[in-house]
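Just below is one structure, and these are the notes that go with it.
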Amino acid sequence: MDFRHRCRRRRRYPRKRGPGVLRCDLLVINKTDLAPHVGVDLHAMLAEATTARAGKPLLATNARSGEGIEALADAITKAVLFSKAA
């Protein structure tokens, strides 16, 4: 049984729960507008990421439409410049 065959028997895409996803200060899921075009259920992805991160911050962004960009800029400003914004 080859790798592709084994993967087909499981979920369609691998779950990423490495240290980068679990331990980062802020997880940004970008290009949310592309989710329906690649067969991804965005709401399910965000719910799973929220659960996996156990309450740590998570932002969904779409740079093309500007969705979530202001919140991301505020979070960076607060974390890096130590301002009271956000």
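Which of the residues spanning the stretch 31-64 are open to solvent by less than 60 Å² (accessible area, probe 1.4 Å), within 19 Å of residue 17 (Cα to Cα) and among the acidic types (Asp, Glu)?
Listed by number, the list holds a single entry, 48.
Being within 19 Å of residue 76 (Cα to Cα), assigned to a loop (DSSP other than H, G, I, E, B) and polar (S, T, N, Q) is the filter here; which residues of the stretch 46-66 pass it?
The answer is 61, and nothing else.
Kindly evaluate residue 28 against the criterion of being among the hydrophobic types (A, V, I, L, M, F, W, C) and modelled with pLDDT of 85 or more.
yes
The values are calculated or read from the model by the stated rules, or taken from the named source; none is laboratory data. All figures in this text were calculated on a predicted structure; none of them were measured in a lab. What goes into the accessible areas is simple: the full protein's heavy atoms, side chains included, and nothing from ligands, DNA or RNA. Shrake-Rupley method; radii C 1.70, N 1.55, O 1.52, S 1.80 Å.
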